[in-house]
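First the structure, in the form of structure tokens, and then the observations on it.
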Amino acid sequence: MAERSLTSAYFEGIFAGDADPWGLASSPYEAAKFDRTIDALSARRAAFALEVGCAGGVLTERLGEICDHLLAIDVSPTALERARQRLSGRPNVRFEAAVFPRDCPVLDGLDLVVLSEVAYYWSDADLDLAAQRIADGLVEGGRILLVHWTGETDYPQTADDAVERLWLGLSDIMKVDLAERHPNYRLDLWTRQ
């Protein structure tokens, strides 16, 4: 049982110390994963989307092309500043500092939530709270896309444990559209019934 989520200071230290942590802007693996992420969502444009953990905005930039309005949040001021610079001039994308799910902006009317490489950083209690926050803000027909690396980590959760915990909190209102396993990551797409 994971009792503690990783802290904001942990992520700020990562972004302050590396211009491209995890190779999000430079790795062929990340580019292919982002391609699959966008492809999984391309059947329907999102009116109002939330991206939790936008980092430097690499995926955010791609999501902004398929969303009318996108709220991108992160816990790291350095990451948010990089994302703002990357997407300057994109009026449909708004950035906000927030520690999701504890410090959560008002999320009424969401039709897409993107959790890419974030849920395994959360404690069991925060995963349960995240499920509640999403359930409170997601409209009927709204989608949740989860993408998580499946390799060994020292994070509070494994990818499988995090996704399964979220599913426990949301399964009564969601249906599974996609449950894919790729080399090194899993991609899950759920729709609110």
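The values are calculated or read from the model by the stated rules, or taken from the named source; none is laboratory data. Note that the coordinates shown come from a computational prediction; the quantities given were computed from them, not determined experimentally. Positions of Cβ are generated from backbone atoms using ideal geometry, with glycine treated the same way; all protein chains shown enter the neighbour counts.
Just a few scattered comments:
- Pick from the range 81-104, criterion surrounded by 15 or more Cβ atoms within 10 Å (Cβ to Cβ) and within 25 Å of Gly169 (Cα to Cα), ranking: modelled with the lowest pLDDT: Cys104
- Meets criteria (surrounded by fewer than 16 Cβ atoms within 10 Å (Cβ to Cβ), at pLDDT 95 or above and either of a type in the set (D, E, K, R) or farther than 29 Å from Glu140 by Cβ (or both)) for Ala32: yes
- From Ser8, Ser26, residue being more than 26 Å from Gly89 (Cβ to Cβ) and not aliphatic (A, V, I, L, M): Ser8
- Residue list for the range 54-72, filter: surrounded by fewer than 21 Cβ atoms within 10 Å (Cβ to Cβ) and either touching a residue at least 40 places away in the same chain (Cβ under 8 Å) or under 18 Å from Trp22 (Cβ atoms) (or both): Glu61, Arg62
Let's see how each residue does on (1) touching a strand residue (DSSP E or B) at 6+ places or on another chain (Cβ under 8 Å); (2) of a type in the set (Phe, Trp, Tyr); (3) crowded, with 22+ Cβ neighbours inside 10 Å; (4) at pLDDT below 95:
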position	(1), (2), (3), (4)
Val113	yes, no, yes, no
Ala119	yes, no, yes, no
Trp122	no, yes, yes, no
Leu129	no, no, no, no
Leu138	yes, no, yes, no
Gly141	yes, no, no, no
Ile144	yes, no, yes, no
Thr150	yes, no, no, no
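- Cβ pairs under 6 Å, 6+ apart, first in the range 140-161 and under 17 Å from Ser116 (Cβ atoms), second polar (S, T, N, Q) and not in a loop (DSSP other than H, G, I, E, B): Arg143/Thr191; Val147/Thr37; Val147/Ser116
- Any pair with Cβ under 6 angstrom, 6 or more apart, that starts in the range 162-185 at a residue that is at pLDDT below 95 and ends at one that is of a type in the set (Lys, Arg) and in a strand (DSSP E or B): none
- Of all residues in the range 163-188, those being in contact with a Leu (Cβ under 6 Å, 6 or more places away or on another chain), among the hydrophobic types (A, V, I, L, M, F, W, C) and under 29 Å from Arg4 (Cβ atoms) number 2.
- Residue-level check: of (1) in contact (Cβ under 8 Å) with a residue 24 or more places away in the chain; (2) closer than 18 Å to His148 by Cα, Arg84 misses just (2).
- Condition check for Ala25: free of Cβ contacts under 8 Å to residues at least 60 places away in the same chain and not in a helix (DSSP H, G or I): yes
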